[in-house]
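Below you'll find the structure, written out as structure tokens, and then a few comments.
The values are calculated or read from the model by the stated rules, or taken from the named source; none is laboratory data. Since we're looking at a predicted model, the values are computed, not measured. Every residue, glycine as well, gets a Cβ built from its backbone with ideal geometry; the counts of neighbours run over all protein chains shown. Surface accessibility is based on the protein's heavy atoms, side chains included, excluding ligands, DNA and RNA. Shrake-Rupley method; radii C 1.70, N 1.55, O 1.52, S 1.80 Å.
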Amino acid sequence: MPSAVAYCRYIPMTELAQRLDLVRTRIARAAERARRDPAGILLLAVTKVFPASAIQEAYDLGLREFGENYVQEFETKSPAVASLSGARFHLIGHLQSNKSAKASELFDVVQTVDTAKLARRLDSAGKPLDVMLEVKLSEEEAKSGASPAELPALIDAVRACRNLRLLGLMTMPPWSDDPEAPRPYFRRLRELGEIHGLSGLSMGMSNDLETAIEEGSTCVRIGTALFGKRRKP
Ligand SMILES: *Cc1c(COP(=O)(O)O)cnc(C)c1O
């Protein structure tokens, strides 16, 4: 006898979908606490070390902004994802000026401009490009970024580049597993943005996005909380 029961097919949410839900909830709660509109906070999905299929999966779940750290790595993934309509790719890792033409070709946004020379190289590639200035706010060795004192000249140099549109500032504080530790750095970046009339602030990662949003972040760069732990590059 055929059963009259209509069975609902159980479709488990993928792990990425669940993590995305969680990240969106964290962003929304932090925005609410800070009395900010969550629509003003861009979720940048950091896909470094993960294959192009991770970008595709995130795209299928509605994500449109992706962050990559290495020009060469993204060059290999780019053919699989370059035609995703509306997707934008941000370079968030250090860029050497000899790779600037390739970077300009592959990316829509370069968040790590830190010298006038690099800005001029990106400009001379001839493609309109959104840029942010990476600011170094700690004395850590081997960290790229312009110092706050170098910012005025760098901003002038970028504004003189006809193909570059300056969106704001980006920073990466010293790593800490304490989400409160980066607060002074985030606060300082916001002050620098105010001083220089730049509204975009790219700051905050998986473990400190709440702190960053409380301090005014307009772009949180999230890898681990979406895609899981990375193998060492
Ligand atoms: C890897 C990386 C991130 C993402 O860090 P998670 O802690 O995995 O969220 C963000 N920003 C930059 C510059 C990175 O290199």
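Data for the structure
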quantity: Distance from the stretch 184-213 to the stretch 116-136 (C-alpha centre basis), Å; calculated: 20
quantity: Accessible area in the full protein assembly, largest first, 1.4 Å probe, for Phe66, Phe50; calculated: Phe50, Phe66
quantity: Cα gyration tensor, the stretch 192-233 - rounded (a/c under 1.5), prolate or oblate; calculated: prolate
quantity: Per residue accessible area of the chain, 1.4 Å probe, in Å²; calculated: 52
quantity: Prolate/oblate/rounded call for the stretch 86-147, Cα gyration tensor, a/c under 1.5 rounded; calculated: prolate
quantity: 0 to 90° range, to nearest 10: angle between helix 71-81 axis and the chain longest Cα axis; calculated: 40
quantity: 20 °C / 1.002 mPa s Stokes-Einstein diffusion coefficient of the chain, Kirkwood radius on C-alpha pairs, µm²/s; calculated: 115
quantity: Residue among Val81, Val46, Val158 with the largest mean-square fluctuation in a Gaussian network model of the chain, springs linking Cα atoms under 10 Å; calculated: Val81
quantity: In order through the stretch 83-92: 3J(HN,Hα) via Karplus (6.51 cos²θ - 1.76 cosθ + 1.60), integer Hz, x for Gly, Pro; calculated: 8, 5, 5, x, 6, 10, 10, 10, 8, 10
quantity: Accessible area of the stretch 159-233 belonging to carbon and sulfur atoms, whole % at 1.4 Å probe; calculated: 50
quantity: Solvent-accessible area of Lys117 with every protein chain in place, 1.4 Å probe, in Å² to the nearest 10; calculated: 110
quantity: GNM flexibility winner over the chain from Arg35, Arg121, Arg165 (Cα, springs under 10 Å); calculated: Arg35
quantity: For the chain: relative contact order, % (alpha-carbon pairs under 8 angstrom, 6 or more apart); calculated: 19
quantity: Helical contribution to [θ] at 222 nm, DSSP H n ≥ 4, -39,500 (n - 2.57), averaged over the chain, rounded to 500; calculated: -11000 deg cm²/dmol
quantity: Computed magnitude of the charge dipole of the chain (debye, nearest 20; Cβ of K, R +1, Cβ of D, E -1); calculated: 420
